[in-house]
């Protein structure tokens, strides 16, 4: 077998373009990089060229099809020279780029960065190390600037993401604003009302599947909106996860919630969910699909462990909504088996015969509770019909009182946090002074 000579080996021309680089325009486009590298190779007598390209991949990622293909050829001993436009094209991570250069040295591959006047055939170039550091610093600095811009926009109530939750669609008139998608909104309202009626998430999903209601991704596909989910086989495959995600979104009450996630690492682009205090919430900024009371009630129901009695397929619709007037514990729905027969279902105090606190049994048949609730609803309805103005005024007063109470509680929390902040400042100052004195 004839031994491969240096002339027979490849001259690898490597090009890379990230989505961030695209903002720079034509100067760093793949076509421009190819033209520059081909011109350089021709003028300097390099032959047997082959392009290895990675389009749309950031410089902090080193799992790239084009780069991997080139490294396979290098390890096979088929490459004599690697030429790139500038050092940033090979990557923007000092450690990873250093490892790549070590691979080039190990397989005796000549490495050239055309625009940086770097050629390993001329010996060690200390400036190449500084360029690698600057290239990585560029990514870190860009990430910091983008975070600052995003934070500033979100503080003003401006969106930084084009995604729209199910039940809404992006407004064509006002960029970044949402309007109600009536077809999807009807499904959202139905899901919330089903939970209030005592249905389980699994039963709701089963009903939607049976009625062939399109899942969010299928609905977006049919209406021409961007589909933000992975591929799916069944367009009606509603799951408990999808419904649970819908039920927990505060946007349906009219709140604009920004900053739900934050990028923690500019290299890996890993994100984390933010705490509520880190988010930017603007109440009434978008049209509401469900009212605040309905949303809050559903959250309370979902926080309650709702197990169906052995005789029933689903939990009672009042489970999680009733509390003991004496001790404040939740009333638990039970079926009792007496002498082999199921007696009438009822609610009892969950604090009855507990180790931490004890209360009386408070045995209340479900039928009597429902009759009492119905009677209250009828009385309130009669009162509203005959005293509409007075009722409206009383509701407004109660709302104002609740709002004042909420504002007062928020102020107390702020004062407590400011006091703690002041204490910590004092401790840090004292520690600093102690260290300085010892030094």
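Taken together, the values in this text are just the output of simple stated rules run on the coordinates, not laboratory data. For clarity, every value in this text was computed on a predicted model and none was experimentally measured. Quick reminder, even Gly has a Cβ in these numbers, built from the backbone with ideal geometry, and neighbours come from all protein chains shown.
Data table
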quantity	calculated
Burial ranking of peptide ranges 289-298, 418-427 (average Cβ count within 10 Å, highest at the top)	289-298, 418-427
Angle in degrees between helix 182-196 and the longest Cα principal axis of the chain, rounded to the nearest 10	50
Per-selection Rg to Rh, segment 181-300 - Cα, Kirkwood hydrodynamic radius	0.99
Helix axis angle, 388-438 relative to the chain longest principal axis, alpha carbon, degrees	50
On Cα atoms only, tilt of 292-303 relative to the major axis of the chain in degrees	80
Estimated [θ] at 222 nm from DSSP helical runs (n ≥ 4, -39500 (n - 2.57)) normalised by residues in the chain, nearest 500	-15000 deg cm²/dmol
Percent of beta bridges antiparallel (DSSP, the chain, rounded to nearest 5)	55
Fraction of antiparallel bridges per DSSP, segment 10-147 only, in percent to nearest 5	10
Calculated over segment 10-147: convex hull of Cα atoms, volume per residue (Å³)	100
Percent of Cα-Cα distances greater than 16 Å, calculated over segment 211-256	47
Residues residue 239 and residue 182, FRET efficiency given R0 of 25 Å [Cβ-Cβ distance, rounded to 0.05]	0.60
Cα→Cβ-extended label distance, 7 Å offset, between residue 297 and residue 145, nm	5.2
Given (1) 0.94; (2) 1.30; (3) 1.14, the label whose value is Rg/Rh (Cα atoms, Kirkwood Rh) derived from this model	(3)
Per-selection Rg to Rh, segment 169-225 - Cα, Kirkwood hydrodynamic radius	1.06
